[in-house]
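*Asks:* Take this structure first; my questions come after.
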Amino acid sequence: MTFLKELNPVQKEAATFEGGPLLVIAGAGSGKTRVLTSRIAYLVLKKGVAAERILSVTFTNKAAGEMRERLRGLLGKEADRLWLGTFHSVGLRILKKDGRLIGIDRDFTVYGDDDQLRLVKLVMNELSLSDKAFSPRMILSRIDHAKNEGLYPEDIARGGDFPSKRVAEVYSLYQKKLREMNAMDFGDLICEVLRLFKNHPDVLARYRENFRHVLVDEYQDTNKVQCMLVNSLASGWRNIFAVGDPDQSIYAWRGADIRNIMEFERDWKGATVLRLEENYRSTRHILSAANSLIEKNKNRYKKELRTAKEGGVPVKYFRTDNEHDEAGEVIGHIRGIMDEDTTFSYRDFSVFYRTNAQSRILEEHFMKEGIPYTIVGNVKFYERQEIKDALAYLKVLVNPKDILSLKRIINVPPRGIGAATQESVSYLAQQGGMTLYEGFEEAIKKGVIKKPEQIEFFKAFKKVRGESPTLPLHETALKLLEDTGYMGMWEKERSEEALQRIENIHELISAIKDFGEANVSPSIGAFLEHVSLVSDVDLYEDKDDRATLMTLHSAKGLEFPVVFMVGMEEGLFPHIRAMESANEIEEERRLCYVGMTRAKESLFLFSAANRSIFGETKFRRVSRFIEEISPEFLEKTEQGGAYCGGVFKEPRYTFDDSQVGPPTGRWDEPWKVGMKVLHPDFGAGVIKAKEGLGEKTKLTVCFLHGGTKKLAVKYASLTAVF
């Protein structure tokens, strides 16, 4: 077993662990994926465990795909028999197999965020709830949160307050509509499995007996129901192998509960804990800086990452004048590094920011300077209008009960099936206890729907449905889009935009073809399930030579030779919403730690003295995280603010005693515009304007770290600097 020889002693101890509950605290860059794959290979090859009796769950399709690819190299075809995938894909697989026991049709559709929001709005309209009084996004967020916690509408209603009762009403009807449409959202893919297990203990017993080993990646990111699912499945054999790092728990906002990993030893009596502390990614400079920051957190397993990777440069911090100078500094460093070392490519650089809004200025400067870039988490391929339309056509093909998808495409292109026609057919369907799709078929029979283009739309679905068993997947998809007139609509337009849309649709057809060729039993339904589970990170590829711009949350799991972290300012990072909670500040600090430990060779941190927010330029305080990094590991360069007209542009501008005149509070001092002054509270500054005479003299002073102030000289205690 040569793969074991590649492991360090602690990695090997984890991979060959005899059995029972094990928690592996895996620091950033410590080779956790290698440990997980080695563990699975060891169980199959050495311990003789059948591959189908191993369940391994993680959080992204990308991570699952990388693991399976490595395991194919070690196990061959046996790797394809493993239960290996995301929590949602595992839940989906269980429901496809056994969901019928709780009334779930196996051809159900999985709704993403966009469809969920549309359904919430539809439900609110039926309940006559104004979207001005209740934000649909807020209600959807409450429903998602409830499902992460395993709560039902009646649990929400117990809150007693008026908003909670309204949310419970929407939640209840939302669930009813989902079932009518034979659809699920992401929360259901876990919650409905738990309901299945609760209502049918024999099914739980079967899965529990089957899974002799349960492995969980990124355990710190699990929410309550995910933890319940894992505990249910692993409690039979008690062979749970959890890998994670509390210092990288950054998803509380979407339901992750750090207590799951912190309380692992309480939940699993007699558990063993191992620590992977050898980092294979970053230089000593980067790790020392990151360690000095994260040790300020209290809620963590203590560990000290170390590395044998020498060399590299110190972590550098720059305080720029404003966000434009910040972007310029980033670009300057990219060009400088590439000029000095021609082995670097644009793909080696990544810029991280706390909020999506920060990308605009960066994009402007990257475009202006001709630096190719890609944005992770921007308008994604599967969120383009034409792709959503095409997928809606395919969803209706597979699941005619999907009212949301049917309504999206029934009059695209225009077929004379407008709102009035839909409403009348909807009434007909309700009266007859039919789905909307069946209602239209009935309306055609009765002659209510009689325009040729209306009838052809439904005929096309019936025809393609009949022919699909004999056609490859991609041909089925293309035939549907052509026969219904959707492709023709864009072809007739002949605009540059329409041509781009056609290209995107053909790219989708190519994706379906690739999916069909890569799977043993492919289907349109399976492809739609695959697409519904795709995340931002899954779509990220570095095959093109482009710099990467992304939020810090999107950066988790990735690595780059050179990383720039911008916007290191109080209120931005840490974010203002986190600043009143000690727990949320700790999460923000973990987010900073995650960003820092993505860097392999060089790490640059930036803040702006002034930043335009909501159209108003404001002075910005340096992030506490900069101050919390030990000075011995951080090389600082202060650059002053553009608001002072560039007076403080020279690095590390300081005043020594010989420059300072005698303290004075006199108003008749010859104060002049451009004079440098010191203030006991605001520090160094420059006079920008003067008004009044004598004791009424007032000065506008722009301070290096205190913003612009208007001061009455009589009371200001200013000191002139000569």
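*Asks:* Please report the relative contact order for the chain, taking Cα pairs under 8 Å with a sequence separation of at least 6, and give it as a percent rounded to a whole number. Let's see the in-between values first.
*Replies:* Working: 1177 pairs, mean separation 108.6, N = 722.
Dividing the mean separation by the residue count of the chain yields 15 percent.
*Asks:* How much mean residue ellipticity at 222 nm does the chain get from its helices, if each DSSP H run of length 4 or more adds -39500 (n - 2.57) and you divide by all residues, to the nearest 500 deg cm²/dmol?
*Replies:* -13500 deg cm²/dmol
*Asks:* If I take R0 = 45 Å and measure r between the Cβ atoms of Arg465 and Thr2 in this structure, what FRET efficiency does the formula 1/(1 + (r/R0)^6) give, to the nearest 0.05?
*Replies:* Details: r = 51 Å, r/R0 = 1.13.
After rounding to 0.05, the efficiency reads 0.30.
*Asks:* Sticking with this one: Give the distance, in whole Å, between the Cα centre of segment 453-473 and the Cα centre of segment 287-302.
*Replies:* 59 Å
*Asks:* A further question follows. So for segment 87-190, what percent of the C-alpha to C-alpha distances run longer than 16 Å?
*Replies:* Working: 3017 of 5356 pairs.
Tail fraction, whole percent: 56.
*Asks:* For segment 47-206, what is the charge dipole size about the Cα centre, in debye to the nearest 20, if Lys and Arg each add +1 at the Cβ and Asp and Glu each add -1 at the Cβ? Can you show the working numbers first?
*Replies:* Details: 28 positive and 24 negative charges, 90 e Å.
Here segment 47-206 has a charge dipole of around 420 debye.
*Asks:* When DSSP assigns beta bridges and you keep just the ones with both residues in the chain, what percent turn out antiparallel, to the nearest 5? Please list the in-between numbers first.
*Replies:* Working: 26 of 78 bridges.
Percentage antiparallel, nearest 5: 35.
*Asks:* Still on this structure, please answer the following. Can you return the lysines within cross-link range of Lys618? Criterion is Cα-Cα under 26 Å, with same-chain partners fewer than 8 residues away left out.
*Replies:* Cα-Cα hits under 26 Å: Lys316, Lys368, Lys636, Lys649, Lys672, Lys676, Lys688, Lys690, Lys698, Lys709, Lys710.
*Asks:* Taking only C-alpha pairs under 8 Å that are 6+ residues apart, what is the relative contact order of segment 311-396 in percent?
*Replies:* On the way: 23 pairs, mean separation 21.5, N = 86.
Rounded, it is 25 percent for segment 311-396.
*Asks:* Estimate the FRET efficiency between Asp105 and Met434 by the formula 1/(1 + (r/R0)^6), using the beta-carbon distance for r and 25 Å for R0, to the nearest 0.05. Intermediate values should be presented prior to the final figure.
*Replies:* Numbers: r = 16 Å, r/R0 = 0.64.
With a Förster radius of 25 Å, E is 0.95.
*Asks:* A further question follows. Rolling a 1.4 angstrom probe over the protein chains, ignoring ligands and nucleic acids, what is the accessible area of Trp237 in square angstrom, nearest 10?
*Replies:* Around 100 Å² of this residue is reachable by solvent.
*Asks:* List the extent of the Cα atoms of segment 410-491 along each of their three principal axes, largest first, rounded to whole Å.
*Replies:* Largest first, segment 410-491 extends 39, 28, 16 Å along its Cα principal axes.
*Asks:* Any idea what the relative contact order of segment 467-598 is, in percent, if you count C-alpha pairs under 8 Å spaced at least 6 apart? Could you put the intermediate results ahead of the total?
*Replies:* Values: 68 pairs, mean separation 25.1, N = 132.
Computed value for segment 467-598: 19 percent relative contact order.
*Asks:* Hey, what does the equivalent ellipsoid look like for segment 270-381, semi-axes from the Cα gyration tensor as sqrt of 5 times each eigenvalue, largest first, whole Å?
*Replies:* After scaling each eigenvalue by five and taking roots: 32, 19, 15 Å.
*Asks:* Could you give the size of the charge dipole of segment 1-86 about its Cα centre, using +1 on the Cβ of each K and R and -1 on the Cβ of each D and E, expressed in debye and rounded to the nearest 20? Before the final figure, lay out each step's value.
*Replies:* On the way: 14 positive and 8 negative charges, 21 e Å.
Approximately 100 debye in magnitude.
*Asks:* A further question on this structure: Calculate what fraction, in whole %, of the accessible area of segment 170-323 sits on carbon and sulfur atoms when a 1.4 Å probe is rolled over the protein chains.
*Replies:* Values: 2900 of 5840 Å².
That fraction is 50 percent.
*Asks:* Let me know the Rg and Dmax you get for the chain when you use only its Cα atoms, in Å.
*Replies:* For the chain, the Cα radius of gyration and maximum Cα-Cα distance read 30.1, 99 Å.
*Asks:* Please enumerate, by chain and number, the aspartates and glutamates with C-alpha under 12 Å from the C-alpha of Lys463, excluding those fewer than 8 residues away in the same chain.
*Replies:* Correct list for Lys463: Asp483.
*Asks:* What accessible area per residue, rounded to a whole number of Å², is obtained for the chain using a probe radius of 1.4 Å? Intermediate results must be reported in sequence, preceding the final value.
*Replies:* On the way: 32860 Å² over 722 residues.
Accessible surface, normalised per residue, equals 46 Å².
*Asks:* If one takes the longest principal axis of the Cα atoms in the chain, at what angle in degrees, from 0 to 90 and to the nearest 10, does the Cα axis of helix 359-368 lie?
*Replies:* Helix 359-368 and the main axis of the chain meet at about 80 degrees.
*Asks:* Further, regarding this structure: Rounded to the nearest 10 Å², what accessible area does Ser523 show when all protein chains are kept and the probe is 1.4 Å?
*Replies:* Only protein atoms counted, so the area is about 50 Å².
*Asks:* Amide H to amide H under 5 Å from Ala183: which residues, 5+ apart in sequence or cross-chain, H placed 1.01 Å off N in plane?
*Replies:* Thr109
*Asks:* I've got another one for you. What is the magnitude of the charge dipole of the chain about its Cα centre, with +1 placed on the Cβ of each Lys and Arg, -1 on the Cβ of each Asp and Glu, and no other charges, expressed in debye to the nearest 20? Intermediate values should be presented prior to the final figure.
*Replies:* Values: 106 positive and 106 negative charges, 294 e Å.
For this selection, approximately 1420 debye.
*Asks:* Please give, to one decimal in nm, the separation of the simple spin-label points placed at Thr342 and Tyr152, each 7 Å out from Cα toward the Cβ.
*Replies:* Distance between label points: 6.9 nm.
*Asks:* Expressed as a fraction of 2.2 N^0.38 Å, the rule-of-thumb size for a compact globular protein of N residues, what is the C-alpha radius of gyration of segment 455-502? Kindly include the intermediate steps, with their values, before the conclusion.
*Replies:* Working: Rg = 12.3 Å, N = 48, 2.2 N^0.38 = 9.6 Å.
Dividing the Cα Rg of segment 455-502 by 2.2 N^0.38 Å gives 1.28.
*Asks:* Once Lys and Arg get +1 and Asp and Glu get -1 on their Cβ, which of Ala608, Leu406, Phe703 lies farthest toward the positive end of the dipole of the chain?
*Replies:* My answer, from the dipole projection, is Leu406.
*Asks:* Let me ask another. How would you classify segment 325-383 from its alpha-carbon gyration tensor, with a ≥ b ≥ c the square roots of the eigenvalues: rounded for a/c under 1.5, else prolate if a/b is greater than b/c, otherwise oblate?
*Replies:* Values: a/c = 2.23, a/b = 1.56, b/c = 1.43.
Here segment 325-383 falls in the prolate category.
*Asks:* Right, next: Taking amide H positions as placed in the peptide plane 1.01 Å from N, state which residues far from Val315 in sequence (5 or more) or on other chains have amide H under 5 Å from it.
*Replies:* Excluding prolines and chain starts, which carry no amide H, the hits are Glu635.
*Asks:* If you don't mind, there's one more thing I want to ask. Helix 284-294 against the longest principal axis of the chain: what's the angle in degrees, Cα atoms only, rounded to the nearest 10?
*Replies:* Relative to the chain, helix 284-294 is tipped by roughly 80 degrees.
*Asks:* Carbon and sulfur atoms: what percent of the 1.4 Å accessible area of segment 56-168 do they account for? Could you put the intermediate results ahead of the total?
*Replies:* Values: 2660 of 5500 Å².
C and S atoms contribute 48 percent here.
*Asks:* To the nearest 0.05, how large is the calculated FRET efficiency for Asn125 and Lys618 if R₀ is 51 Å and r is the Cβ-Cβ distance?
*Replies:* On the way: r = 40 Å, r/R0 = 0.79.
The value I calculate is 0.80.
*Asks:* Could you give the length gained by full extension between Asn583 and Val49, i.e. 0.36 nm per residue of separation minus their alpha carbon distance, to one decimal place?
*Replies:* Between Asn583 and Val49, full extension yields 188.1 nm more.
*Asks:* Please report Rg over Rh for segment 191-259, where both radii come from the alpha carbon positions and Rh follows the Kirkwood definition. Walk me through the numbers on the way to the answer.
*Replies:* Values: Rg = 13.0 Å, Rh = 12.8 Å.
Radius of gyration relative to Kirkwood radius: 1.02.
*Asks:* Another question, if that's okay. I need the per residue convex hull volume for segment 542-632, using only the alpha carbons, in cubic angstrom as a whole number. Display every interim value, and only then the final one.
*Replies:* Numbers: hull volume 11.3 nm³, N = 91.
It comes to 124 Å³ per residue, whole-number rounded.
*Asks:* Sticking with this one: Return the tail of the calculated pair distribution for segment 393-458, meaning the percent of Cα-Cα pairs more than 19 Å apart. Don't skip to the answer; put the middle values down first.
*Replies:* On the way: 469 of 2145 pairs.
I get 22 percent for the Cα pairs in segment 393-458 exceeding 19 Å.
*Asks:* Return one number: the angle in degrees, 0 to 90 and rounded to the nearest 10, between the long axis of the Cα atoms of helix 201-210 and the longest principal axis of the Cα atoms of the chain.
*Replies:* 70 degrees
*Asks:* Lys176: which lysines have alpha carbons under 21 Å from its alpha carbon, excluding same-chain residues fewer than 8 sequence positions away?
*Replies:* Cα-Cα hits under 21 Å: Lys96, Lys121, Lys147, Lys165, Lys198, Lys395, Lys401, Lys407.
*Asks:* Counting pairs of Cα atoms in segment 422-567, how many percent are more than 21 Å apart? Intermediate results must be reported in sequence, preceding the final value.
*Replies:* Values: 6870 of 10585 pairs.
So the portion of pairs separated by more than 21 Å is 65 percent.
The values are calculated or read from the model by the stated rules, or taken from the named source; none is laboratory data. Remember, predicted model here, so these are calculated numbers, not experimental data. Don't worry about glycine lacking a Cβ; one is built from the backbone with ideal geometry, like all the others, and counts go over all protein chains shown. Note: areas computed on protein heavy atoms with side chains; ligands, DNA, RNA excluded. Shrake-Rupley method; radii C 1.70, N 1.55, O 1.52, S 1.80 Å.
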